[in-house]
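The values are calculated or read from the model by the stated rules, or taken from the named source; none is laboratory data. Predicted model only: the values in this text are computed from it and were never measured. Quick reminder, even Gly has a Cβ in these numbers, built from the backbone with ideal geometry, and neighbours come from all protein chains shown. The area values use the complete protein model at the heavy-atom level, side chains included, leaving out ligands, DNA and RNA. Shrake-Rupley method; radii C 1.70, N 1.55, O 1.52, S 1.80 Å.
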Amino acid sequence: MANLIEVKNLKKYFKTNRGLLHAVDDVSFSIEKGKTLGVVGESGCGKSTLGRTVIHLHEKTSGEIWFEGKDISDVNKQQLKDLREDMQMIFQDPFSSLNPRMSVSQLIAEPLLIYKKCGSRQELEERVTKLMDTVGLAQRLYNSYPHELDGGRRQRIGIARALALEPKFIVCDEPVSALDVSIQAQIINLMQDLQEEHQLTYMFITHDMSVVRHISDDIMVMYLGMMVEFCDSEEIFHNRFHPYTKALLDAVPIPTVKAKKERRLIKGEITSPINPGNECRFAKRCPYADEACFASTPAAEEVCPGHFVACHHVREINNLK
Amino acid sequence: MSKILEIKDLTIHYVTDDEVVKAVNDISITLEEGESLGLVGETGAGKTTTAMGILGLVPNPPGKIIGGEVIYKGKNLLKLSEAEMRKIRGHEISMIFQDPMTALNPVLTVGDQIMEVIRLHQKVSKAEAMKRAMDMMEMVGIEGGRCNEYPHQFSGGMKQRIVIAIALACNPSLLIADEPTTALDVTIQAQVLDLIDNLKKKFNTSLLLITHDLGVVAEVCDKVAIVYAGRIVEYGNLESIYNNPKHPYTNGLFGSIPDFSKKAHRLNPIRGLMPDPSNLPEGCAFAERCPNATDECRKRQPPVVEVEPGHSVRCLMFEKEGR
């Protein structure tokens, strides 16, 4: 199938007082229509910045973004407005992403009004009612305000707002992280149903490994602004090649008895992405690091079909040819 | 082993002019020396209020301890005066708070903050206390030389280590950890959990771990109590709860977590929402969301039934099976 979105060598640097902060550094990927790309990594690895840059919420520093075969790297205001119809975002925090002074129906109607999608008041009401049904919000909440609702219902409003314009591509930035597990499962199921129904393409950003495996077709692991591993979501749970991916997955607590295994714990913490040198960004925490790792930044290479890893020693570590 | 903490029928309500929030209802748990118990539940289940109840920190008003006993080494903590309680807090029972970003005082150096608890409970000189504070920092894996730095100079994981150092500074017999790793990244979480586990073994400290993460519990705890709407719905050792969960809520919780080892097409969430603790139903609080609920469930409060030795469930389905 055709790629809906294609990103080539995307970079996003922020100017800070202490130097250039490399939030996203030379990331390339593509997502097929109707598929989900899971982006995982720890806080500060640039995964949210990546999502926001792709849909032009941040202006990129350099690189190319292609959407449905068209180059959308540089767009003017009007083009961007048209683009937003097709690209939407679901935000992490359903407590701060909704205007507290707007009712549920006003919140859901807002995108429809901005894009003048409805000719009459009646049509607008019908569309809002239908959207509330789609995301599982009871009609009695039509005139409620966000503070009256719990996190799960608020996140449903966020989803309804993102769906209102019938987009093709949705960036989901930690959409379930603020929710309790039982509610989290409801929202994940809802998002999967909607994806099937509307042929949606997701870029799903999260730090939760079990959620990402559940929902994604492909997974990209990021570390300090760079992609360290990219492959099929099944593959990564059986064959993970990058030392960081291994440590990250080993650190996930598993809810079964006797899952206590010897963990390859990594020492230390994420370093600063400000003015990084020409070295592997993970080298300072990597158990396999040697001079080569501090001498140059490894580029991503395809170690087996569809499986990309950015590590100088990937072959030695994993006994690959 | 001897019992270090026994909570009997603890009930805590928050009473305001308009409503009574029944945060904790008849919670009973026991903790042996050196043992760790996981208190698991969702937001608003009453986990933190239980911990605050043990330490006598429930804000009053509006919080009110309606009934029950908290027996620590033979003493009922609820009957102690504030001055007596202050000697226990931080000394014999200490707490690790959820959010390391707000638990530390931003205008005091971390060394001073660790020293504070040592100087408060033990008669030692300032220099000696500082030395002990630096030792504590080394123990949690931070250079002692950084004791004159302020909290903002440390990362989230390191701040949580400082909070742990403060909690362990007086070598307490009981440690209450309220979501100690929720604010941290997984790799840092693994480091902090290992640290807590090692220190617990070294000093034979008992641990009450409050969390919503069943994975964390499986790594650290011996016993588990599942809390729903202020009540313990299932209680037992780790193996019996994880391998043989009985209560429909416990089953629902396990069904809601995406399985890490295999890929399922759909999750089995619990439908609906937790009831409002200011308006709990007469019968079982879980009845509205329970797939097996009958009319009887809505009418009366299910009793605690022991389904196997040391494994008890609060559900009518098991009433007949019980002994």
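From the cross-link list A:K60/A:K117; B:K87/B:K201; B:K73/B:K123; B:K3/B:K223, which pairs have alpha carbons spaced over 19 Å apart?
Those over the limit are A:K60/A:K117; B:K87/B:K201; B:K73/B:K123.
Let's see if you can work this out: charge +1 on each Lys and Arg Cβ, -1 on each Asp and Glu Cβ, no other charges. What is the dipole magnitude of region B:169-323 about its Cα centre, in debye to the nearest 20?
260 debye
Rounded, prolate or oblate: which fits region B:18-109 when a ≥ b ≥ c are the square roots of the eigenvalues of the alpha-carbon gyration tensor, with rounded for a/c under 1.5 and prolate only if a/b beats b/c?
Rounded shape, in that the Cα axes give a/c under 1.5.
Just the ratio, please: alpha-carbon radius of gyration of region B:223-316 over 2.2 N^0.38 Å, N its number of residues.
Here the Cα radius of gyration is 1.12 times the empirical estimate.
Might you report the magnitude of the Cβ-based charge dipole of the protein assembly as shown about its Cα centre, with Lys and Arg at +1 and Asp and Glu at -1, to the nearest 20 debye?
920 debye
For region A:89-212, compute Rh as the Kirkwood radius over C-alpha pairs and then the Stokes-Einstein diffusion coefficient at 4 °C and 1.567 mPa s; write the answer in µm²/s, rounded to an integer.
In µm²/s, the coefficient rounds to 89.
Return a whole-number percent for the relative contact order of region A:161-219, with Cα pairs under 8 Å and 6 or more residues apart as the contact set.
After rounding, I find 42 percent.
When 1/r is averaged over all different Cα pairs and the result inverted, which Kirkwood radius in Å belongs to the protein assembly as shown?
The Cα-based Kirkwood calculation yields 26.8 Å.
Could you tell me the distance between the Cα centroids of region A:156-190 and region B:25-104, to the nearest Å?
With region A:156-190 and region B:25-104 each reduced to a Cα centre, they are spaced 36 Å.
Along region A:67-79, what does the Karplus equation 6.51 cos²θ - 1.76 cosθ + 1.60 (θ = phi - 60°) give for ³J(HN,Hα), rounded to whole Hz, x for Gly and Pro?
Using θ = phi - 60°, the values come out as 10, 6, x, 10, 6, 10, 4, 10, 10, 8, 4, 5, 4 Hz.
Report, in cubic angstrom per residue, the convex hull volume of the C-alpha atoms of chain A.
Spread over its residues, the Cα hull of chain A gives 155 Å³ apiece.
Please work out how much accessible surface B:I196 shows to a 1.4 Å probe, ignoring ligands, DNA and RNA, in Å² rounded to 10.
About 10 Å², ignoring ligands and nucleic acids.
Going from the alpha-carbon gyration tensor of region A:75-136, what semi-axes, largest first and in whole Å, does one get by taking the root of 5 times each eigenvalue?
Working from the Cα gyration tensor, I get semi-axes of 21, 18, 11 Å.
Residues of region B:62-96 with amide nitrogen under 15 Å from the 7 Å Cα-to-Cβ point of B:L120?
Output list for this probe position: B:82-96.
Could you tell me the extents of region B:64-105's C-alpha atoms along the three principal axes, largest first, rounded to whole Å?
Projected onto the principal axes, the Cα atoms of region B:64-105 cover 34, 23, 17 Å.
So what's the projected area for region A:156-300, the Cα convex hull averaged over all directions, in nm²?
Over all viewing directions, region A:156-300 projects a mean Cα-hull area of 11.0 nm².
With all distinct Cα pairs included, what does the Kirkwood hydrodynamic radius of region B:57-192 come out to in Å, to one decimal, could you say?
For region B:57-192, the Kirkwood estimate is 16.0 Å.
So what's the angle, to the nearest 10 degrees on a 0 to 90 scale, between helix A:181-198 and the longest Cα principal axis of chain A?
With rounding to tens, the tilt is 80 degrees.
Let me spell out the model: positive unit charges on the Cβ of Lys and Arg, negative unit charges on the Cβ of Asp and Glu, origin at the Cα centre of region A:106-238. What dipole size does that give, in debye rounded to 20?
780 debye
Roughly how crowded by other chains is peptide A:211-224, in terms of the mean Cβ count from those chains within 10 Å of each of its Cβ atoms?
That works out to 2 on average.
Checking the a/c ratio against 1.5 first, then a/b against b/c, what shape does the Cα gyration tensor give for region B:84-154?
Oblate is the answer for region B:84-154, as a/c is 1.5 or above yet b/c matches or exceeds a/b.
So, taking all protein chains as they sit and a 1.4 Å probe, how much accessible area belongs to A:D74, in Å² rounded to tens?
Rounded to the nearest 10, that gives 120 Å².
Compute the label zone of A:F95 within region B:204-235: residues whose backbone N is under 16 Å from the point 7 Å along Cα-to-Cβ.
Backbone N within reach: B:212.
Please compute the contact order of chain B in relative form: average sequence separation of alpha-carbon pairs under 8 Å and at least six residues apart, divided by the residue count, as a percent.
19 percent
What's the percent breakdown of Cα-Cα distances in region B:148-206 across 10 Å bins, shortest bin first?
Cα pair-distance distribution for region B:148-206, in percent: 22, 54, 24, 1.
Give the shape of region A:143-192 as rounded, prolate or oblate, defined through the alpha-carbon gyration tensor: a ≥ b ≥ c are the square roots of its eigenvalues, a/c under 1.5 means rounded, and otherwise the shape is prolate if a/b is larger than b/c and oblate if not.
It is oblate, given that a/c is not under 1.5 and a/b is not larger than b/c.
Just to be sure I understand the rule: take each whole DSSP H helix in chain B, project its Cα atoms onto its long axis, keep it if the span is 15 Å or more and its mean Kyte-Doolittle hydropathy is at least 1.0. Which ones pass?
Qualifying helices: B:156-168.
With chain A treated as a Gaussian network of Cα nodes joined by springs under 10 Å, which of A:I55, A:I90, A:I270 yields the largest mean-square fluctuation?
A:I270
Tell me the accessible surface of A:K12 in square angstrom (1.4 angstrom probe, heavy atoms of protein chains only), to the nearest ten.
Approximately 20 Å² for this residue.
Looking only at other chains, what is the average number of their beta-carbon atoms within 10 angstrom of each beta-carbon in A:175-186?
6
Hey, what does the equivalent ellipsoid look like for region A:1-139, semi-axes from the Cα gyration tensor as sqrt of 5 times each eigenvalue, largest first, whole Å?
Listed largest to smallest, the semi-axes of region A:1-139 are 31, 19, 16 Å.
Given the C-alpha centroids of region A:67-111 and region A:112-126, what is the distance between them in whole angstrom?
Between the Cα centre of region A:67-111 and that of region A:112-126, the gap is 16 Å.
Normalise the Debye intensity by I(0) for chain B, one equal point scatterer per Cα, no solvent, then take log10 at q = 0.09, 0.10, 0.14, 0.15 Å⁻¹ and round to two decimals.
-0.50, -0.61, -1.14, -1.27
For region B:172-265, what is the Kirkwood hydrodynamic radius in Å, using each pair of distinct C-alpha atoms?
Taking the inverse mean of 1/r over all distinct Cα pairs, region B:172-265 comes out at 14.6 Å.
How far is helix A:121-134 tilted, in degrees, relative to the longest principal axis of the Cα atoms in chain A, given as a value from 0 to 90 rounded to the nearest 10?
That helix lies at roughly 40 degrees to the long axis.
Calculated from DSSP H runs of 4 or more alone, at -39500 (n - 2.57) each and per residue, what is the 222 nm mean residue ellipticity of chain A, nearest 500?
When only DSSP H runs of four or more count, the value is -9000 deg cm²/dmol.
Using a 1.4 Å probe and counting only protein heavy atoms, arrange A:R101, A:R153 so the residue with the most accessible area comes first.
Correct descending sequence by accessible area is A:R101, A:R153.
Please name whichever of B:I12, B:M130, B:A51 sits farthest to the positive end of the charge dipole of region B:1-143, dipole taken about the Cα centre and charges placed at Cβ: Lys and Arg +1, Asp and Glu -1.
The listed residue farthest towards the positive side: B:M130.
How are the Cα pair distances of region A:193-257 distributed, in percent, across 5 Å bins from 0?
In order of increasing distance, the bins hold 3, 14, 26, 25, 15, 8, 7, 1 percent.
Rounded to whole Hz and in sequence order, give me ³J(HN,Hα) for region B:208-213 from the Karplus expression 6.51 cos²θ - 1.76 cosθ + 1.60, θ = phi - 60°, writing x for Gly and Pro.
Going residue by residue, I get 10, 9, 9, 7, 10, 9 Hz, with x marking Gly and Pro.
Name the GluC sites (Glu not before Pro) in region B:223-312 that are in a loop by DSSP and that have at most 11 other C-beta atoms within 10 Å, would you?
Counting only loop positions with at most 11 other Cβ atoms within 10 Å, the GluC sites (Glu not before Pro) in region B:223-312 are B:E282.
Any chance you could list P(r) for region B:1-43, counting all Cα-Cα pairs in 5 angstrom bins from zero, rounded to whole %?
Percent of Cα pairs in each bin: 6, 17, 19, 21, 15, 10, 6, 4, 1, 0.
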